[in-house]
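Laboratory data are not the source of any read-out in this text; all were calculated from the coordinates shown. Values in this document were obtained by computation on a predicted structure and should not be read as measured data. Here Cβ is always computed from backbone atoms with ideal geometry, including for glycine, and neighbour counts include all displayed protein chains.
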Amino acid sequence: MLRKFKSLFSILLAIVLLGNVLSAVTFSALAAENSGMFILNPNDGPMYSGFVRDETHVQIGTVSAKATAAVGQLMAHIVTFDAVDISEYADGYIHMLLYVEDASSFDSHAYFEISSNGTYDANEMEYKFNGRLQDGWNCLSFKLKDGGATGSIDWTAVNFSRLILQNNGGVPIWFAGLYVTQNQDDPAPPVEGNDIVLPDPALEDDSLWVLNPENGTMLGIGMQDREQVLVGNYSSKFAPASAGLMAVQQTFATPLDLSAYCQSGYLHMDIYVEDASSFDSHAYLELTSSGTYDVDEIQFSFYGHLQDGWNRLSFKLKDGSAIGSIDWSAINFSRLVLQNSKASPIWINGVYVSMKEDSSVHPWAEDSAIEPTTQPATAPATEPVTFPTTTPAKTSPATTPVTGGISLLASVGLGLSVASLTFKKRK
């Protein structure tokens, strides 16, 4: 009888121990899956300015972000984004994933910052990694609260980050993510936007990109965003902090040669606005060959011709309003100016040139990972409406800062088309 009792006890004990092991395994697996969150992630956006999505070295998801530098350059990359609450990780860790081909190039000035003030050196935490880089992938981990503090960061509203690297060798770097976890050895959280498919760089027909949010060439500090997307994976979002004149600009590191388009070609911009009544004056796009505005420039006005939703604006290149003498073979600057009386956000899905007046398909549409839901294959026949060619008087007062963030996808539809002096409304 005693033997039977001992055997039964042993079986019960084994079952209890096995249950504890299984419970521990299950708990650990769940903890690994749910113990972290991304702050920056090239797959989901946003990412640092000056980086472009790239598939050369990938650590998480389907893409990383690549940045290049000149020999001896101090690399400084910033990003402003919708505030994220990481307060539950205040006793946890922050991690950055960086790939470097030659770690000896980075022997000083290596750190990143996060802040709740929308800029650097205010309400921030700084994390230095001088001397810690090695060739290949690096996971740089820090106790979140042990960073160097400037002011008092609000862990519930982190909205800015900056990456600084002294690049003595001028070698490229790849960034795969900035994220927080409860424990130092926890894996990176799951990637939600791992469906990113980079478009074929060869554009359809005779089109040429001027600004393309897909690879990081955007106006000003617009954020790569997935909330309103016509085609491709991203648009560029601008969300003014307050009402007023909104001016965003971009200098091109490599000038564009648009000379083949300047006589017979067209400039196209796809822009989404939530409330067209916000834009009651000053609406124009500029290209210049001088590296700044109001010098050797061509300007295209679309004041009064925005409607709620997607708008496709198309202009005859040679019919823009000129200041000075633009060099079409060396376009190196663009600026968008909008009087935004209600601080309404806007999204730009791209700016490009083609020989077609009514370019109803984006240059990358066939290679897009996200297809528009309501875009017609061709524009229906409409009666053109002529509008004046005069340009409103330009002013350059202090501009409103803009911020951006990341959201989920929404369905899209086309707005209107402006071709040279013709205003066409898409059904």
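Laid out as a table, the results:
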{"quantity": "Simple Cβ-charge dipole of the range 290-333, Lys/Arg +1 and Asp/Glu -1, about Cα centre, in debye nearest 20", "calculated": "220"}
{"quantity": "Rg ratio (alpha-carbon, reference 2.2 N^0.38 Å) - the range 37-181", "calculated": "0.97"}
{"quantity": "Cα-Cα separations in the range 59-105 greater than 12 Å, expressed as whole percent", "calculated": "80"}
{"quantity": "Of Met355, Ser301, Gln249, farthest towards positive along the dipole that unit charges on Lys, Arg, Asp, Glu beta carbons give the range 225-361", "calculated": "Met355"}
{"quantity": "Stokes-Einstein translational diffusion, the range 100-183 - Kirkwood Rh over all Cα pairs, 0.692 mPa s, 37 °C, in µm²/s", "calculated": "239"}
{"quantity": "Positive minus negative residues near Lys143 (Lys, Arg vs Asp, Glu; Cβ under 14 Å)", "calculated": "-3"}
{"quantity": "Ascending count of other beta-carbon atoms within 10 Å, so fewest first, for Phe112, Phe300", "calculated": "Phe300, Phe112"}
